[in-house]
Amino acid sequence: MFTGIIAEFNPLHFGHESLMKFSCGLPDSEGVIAVLSSNFTQRGSPSVVSKFDRAYTAVKAGADLVIEIPFLYSCSAGQDFSRGAVNILGRLGCVSRIAFGMENPEFDFETLSGIMANEPESFREILRFELGRGASYSKALAIAIEGEISGAGDFITRPNNMLAVSYMSEIKRGGYKISGVPFRREGGITSRAIRDDMAGNFEMMPEYSRGVLEICGREGRISDAEKLWPILQGILIRSRAEELRKIYGIDEGIEGLFLKRWRESLSLEDFIGRCVCARYTRAHIRRRIIYILLGLKRDNVNEALKGEVPYARVLSFTEKGRGILRMLRKVSGIPIITRLKDSEGVTGKYFSETEYRASELYELTMNRPDMTRESQKVLKFL
């Protein structure tokens, strides 16, 4: 029985390591397969270190095989992030359970995920009403779900609870024969705390994870999103509102807000702060900035996201994982690739080309960019 893990490990800390140990120790465990976010995360920020470096820490923590969540799902809101990750695990043909951390695993998340999957009319009506009033999606969702189950609104305000429900609702939507195994998240260790104060919170990470950050720091391989600010300014200087509206995710008037706020902003973070409001969260704004920087056209992305994830790209694996890969070549319902150029079909090519461009953009956040890194990367066999 194989266990799936959905993660960002941005960076990997002791809480993540506990989840990995828990997953490896589950009864009848044949191996752990992790699907890992790409170089841009769900919150729209560049990951602290690259996906290849984070894949290394995932393997050191206990994963046998690490597969990439493509950029178009990785740099998305929770529902799309979950849909892409679960779609990959569900189609591998061997994963029968997903383990995930939760703040409140005792809550009836199975019933809640069923409501999220089926979206009864009473739920949709409240959600539409709250969105129409100008509430952010997360706020509207909390109010709508509270109307279905008492206490559910507060429950999903906790990030890991919300992700767990998203995973389970996508499992139900896809009809996958996968069960959910919750793991209680305890303590105050978070990746955000480490990112905000890396020096002060270095001890929150296992030695191998600290080692990766130390090496990447010496090599100028720690990302800095502020390096994207001049590029965004250049695009906004020459852009009109009607041009921005062609970009994926640019709607509901956010293009006007961007064009108004950028001139008075002193930095990327300052710009994001000036755009935050009841409707737009920081993550929502960050993701749209990345879409603008990549020039992602709405029609192209919507068409690409209509179907299933076109491939499962391997980032790293152990010797045991090598055997799992041989097995997957026979049973997987999703093509297994190691290089982007091996993607097939129109959708596959669009995904891989977007991935490549996103990786090039990510390199611009580094003190020492390596624009050949994506194409020449050699997998680490551990």
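Could you line up 64, 270, 299 from fewest to most neighbouring Cβ atoms inside 10 Å? Walk me through the numbers before you get to the answer.
Values: 64 26, 270 15, 299 9.
Starting with the residue having the fewest Cβ neighbours, the order is 299, 270, 64.
Pop the C-beta distance of residue 267 and residue 179 into the FRET formula with R0 = 41 Å and round what comes out to the nearest 0.05. Walk me through the intermediate numbers first.
Details: r = 45 Å, r/R0 = 1.11.
For R0 = 41 Å, the calculated efficiency reads 0.35.
In nm, give the distance between the simple-model label positions of residue 368 and residue 103, each being 7 Å from the Cα along the Cα-to-Cβ direction.
Label at residue 368, label at residue 103, 4.0 nm between them.
Could you work out how much longer the chain between residue 207 and residue 329 gets when fully extended? Use 0.36 nm per residue separation minus the Cα distance between them, nm to one decimal. It would help to have the intermediate numbers written out before the result.
Values: separation 122, 0.36 × 122 = 43.92 nm, distance 3.41 nm.
Going from the current span to full extension adds 40.5 nm.
With a ≥ b ≥ c taken as the square roots of the eigenvalues of the C-alpha gyration tensor of the range 12-121, please select rounded if a/c is under 1.5 and otherwise prolate if a/b is larger than b/c or oblate if it is not? Working shown, then result.
Details: a/c = 1.60, a/b = 1.15, b/c = 1.39.
Taking the square roots of the gyration eigenvalues as a ≥ b ≥ c, the range 12-121 is oblate.
Between residue 219 and residue 278, what FRET efficiency follows from the Cβ-Cβ distance if R0 is 45 Å, with the result rounded to 0.05?
On the way: r = 42 Å, r/R0 = 0.93.
Rounded to the nearest 0.05, the efficiency is 0.60.
From the Cα gyration tensor of the chain, with a ≥ b ≥ c the square roots of its eigenvalues, which class applies: rounded if a/c is under 1.5, or else prolate if a/b is larger than b/c, or else oblate? Numbers along the way, then the final one.
Numbers: a/c = 1.40, a/b = 1.11, b/c = 1.26.
The shape class here is rounded.
Of the options 314, 278, 367, report the single residue whose Cα projects farthest towards the positive end of the charge dipole of the range 233-382 (beta-carbon charges: Lys, Arg +1; Asp, Glu -1).
My answer, from the dipole projection, is 314.
Once the other residues with Cβ under 15 Å from the Cβ of residue 327 are scored (Lys, Arg +1; Asp, Glu -1), what is the net sum? Don't skip to the end; give the middle numbers.
Working: positive: 91, 320, 322, 326, 329, 330; negative: 30, 64, 319.
Within the 15 Å Cβ shell, the charges total +3.
Quick one: grab the alpha carbon gyration tensor of the range 190-329, order the square roots of its eigenvalues as a ≥ b ≥ c, and give me rounded if a/c is under 1.5, else prolate or oblate depending on whether a/b is larger than b/c.
Numbers: a/c = 2.56, a/b = 1.35, b/c = 1.90.
Taking the square roots of the gyration eigenvalues as a ≥ b ≥ c, the range 190-329 is oblate.
Testing the spin-label approximation: label points 7 Å from Cα along Cα→Cβ at residue 339 and residue 133. State their distance in nm.
Result for the modelled spin labels: 5.5 nm.
So, in nm, how far is label residue 197 from label residue 125 when the simple model puts each one 7 Å beyond its Cα toward the Cβ?
According to this spin-label approximation, the distance is 4.8 nm.
Using the Cα centre of the range 142-277 as the reference point, and only Cβ charges (+1 on K/R, -1 on D/E), how large is the resulting charge dipole? Debye, rounded to the nearest 20. The partial results should precede the final answer.
Working: 20 positive and 21 negative charges, 81 e Å.
With only Lys, Arg, Asp and Glu charged at Cβ, the dipole is about 380 debye.
Taking the Cα centre of the chain as the origin, how large is its charge dipole in debye, to the nearest 20, when only Lys and Arg (+1) and Asp and Glu (-1) carry charge on their Cβ atoms? Intermediate results must be reported in sequence, preceding the final value.
Values: 54 positive and 49 negative charges, 191 e Å.
Computed about the Cα centre, the dipole is about 920 debye.
Gain in length, residue 349 to residue 306, computed as 0.36 nm per residue apart minus the alpha-carbon separation, to one decimal in nm?
Numbers: separation 43, 0.36 × 43 = 15.48 nm, distance 1.49 nm.
Additional length available on full extension: 14.0 nm.
For an R0 of 45 angstrom, estimate the FRET efficiency from the Cβ-Cβ distance between residue 356 and residue 150 and round to the nearest 0.05. All intermediate terms of the calculation are to be shown ahead of the outcome.
Values: r = 48 Å, r/R0 = 1.06.
Efficiency for this residue pair is about 0.40.
Ignoring the sites themselves, what is the longest stretch of the chain with no trypsin sites (Lys or Arg not before Pro) in a DSSP loop and at most 12 other beta-carbon atoms within 10 Å?
Working: sites that count: 133, 177, 240, 306.
Longest run free of exposed loop sites: 1-132.
Every number here is computed from the coordinates shown, using simple stated rules; none is lab data. The shown structure was predicted, so the numbers you read here are calculated from the model rather than taken from an experiment. Quick reminder, even Gly has a Cβ in these numbers, built from the backbone with ideal geometry, and neighbours come from all protein chains shown.
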